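Here's the structure, in structure tokens; my notes come after.
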Amino acid sequence: MREHAVSAFVAGTVCGVCDNGWMSHLERQAKPVLISLIEDPRRLEQLDIEQRALIAQWTLKTAAMLNRASAYSAPDYPKSRPVPDNHLREIMNGRLPSGVAIVGSGYPSSKPLDWVQFGTWITPSNSIELLQEDLNRSYKIALAFRGLVLAVVYYPSAEYHYAVIEVHYVPLWVGDRSMIPIPLPLDDSQSLTDSPVLEVLLRNIFVLSKTWVELVGNLSTTGFIWEP
């Protein structure tokens, strides 16, 4: 656990062209929408497709910068989960990476700013076991601005759907994946970080094997939040 002044918490690897160019432009575009959402996170539901894509781009860009300014991008850190360079290149070119999912949520809080990166993925107990190679390339990052929570997750294998607790998560971007709502949390483990709300939110973003979903064949009570 470390404390930093925001002005001193910088990635240090961003060139001036990017910092003063596409990143600055993205900040200006997203600012009025973000202010509105911080004032009332329930407005997430009212965002149109273009606004959702804009906030999704800003979330991934900001999460990537926090990732780069922390140990999570250090090669010698055992739990390092860096955001891939190509994900930032996609945003720089006005796109979002296809395998990434970005969601929003809200919770009662007066804390001005919080963020956490958490690497745990779970699946139903009778599902297909996740590969360590995929886990090593994955990441989960959540940001909070008072009551507004924004989270970006990436699991590299396209053989999995994303899944979230229904009602509590608003999908902003799911790319070429489907996002399946489930009625109850799968993970109620004790918190391991000093940001329990963000950790719980990240814990309960799951992956479901497409093969397992087809075998179970019981989507009549879940349905898809979003189908690309």
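Those residues that are part of a loop (DSSP other than H, G, I, E, B) and surrounded by fewer than 20 Cβ atoms within 10 Å (Cβ to Cβ), I need them from segment 100-123; list them, please.
Going through segment 100-123, the residues part of a loop (DSSP other than H, G, I, E, B) turn out to be 107-113, 118-123.
The answer is TYR107, PRO108, SER109, SER110, LYS111, PRO112, LEU113, GLY119, THR120, TRP121, ILE122, THR123.
Is there any pair linking a residue in segment 23-49 that is over 16 Å from SER105 (Cβ atoms) and touching a residue at least 40 places away in the same chain (Cβ under 8 Å) to one that is surrounded by 11 or more Cβ atoms within 10 Å (Cβ to Cβ) and of a type in the set (Val, Ile, Thr), with Cβ under 8 Å and at least six apart or on different chains, and which?
From segment 23-49, the pairs are LEU26/ILE91.
When you check VAL149 against the structure, is it in contact with a Pro (Cβ under 8 Å, 6 or more places away or on another chain), loosely packed, with under 14 Cβ neighbours inside 10 Å and either touching a residue at least 60 places away in the same chain (Cβ under 8 Å) or assigned to a loop (DSSP other than H, G, I, E, B) (or both), yes or no?
Spelling it out, it is not the case that VAL149 is in contact with a Pro (Cβ under 8 Å, 6 or more places away or on another chain), loosely packed, with under 14 Cβ neighbours inside 10 Å and either touching a residue at least 60 places away in the same chain (Cβ under 8 Å) or assigned to a loop (DSSP other than H, G, I, E, B) (or both).
Working carefully through the options TYR155, TYR162, find the one that is modelled with pLDDT of 90 or more and over 22 Å from LEU54 (Cβ atoms). Steps first, answer last, please.
Numbers: TYR162 fails: over 22 Å from LEU54 (Cβ atoms).
Result of the check over TYR155, TYR162: TYR155.
Residue by residue through segment 163-172, note down the ones that are touching a Phe, Trp or Tyr at 6+ places or on another chain (Cβ under 7 Å) and in contact (Cβ under 8 Å) with a residue 60 or more places away in the chain.
PRO171 - this is the single residue of segment 163-172 that is touching a Phe, Trp or Tyr at 6+ places or on another chain (Cβ under 7 Å) and in contact (Cβ under 8 Å) with a residue 60 or more places away in the chain.
Yes/no matrix, rows are residues, columns are (1) assigned to a helix (DSSP H, G or I); (2) at pLDDT 90 or above; (3) of a type in the set (Ser, Thr, Tyr):
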| site | (1), (2), (3) |
| --- | --- |
| GLN57 | yes, yes, no |
| LEU60 | yes, yes, no |
| ALA63 | yes, yes, no |
| ASN67 | yes, no, no |
| TYR77 | no, no, yes |
| ARG81 | no, no, no |
| GLY94 | no, no, no |
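The values are calculated or read from the model by the stated rules, or taken from the named source; none is laboratory data. Because the structure is a prediction, the values reported are computed rather than measured. Ideal geometry is used to build each Cβ from the backbone, glycine not excepted, and the neighbour counts take in all protein chains shown.
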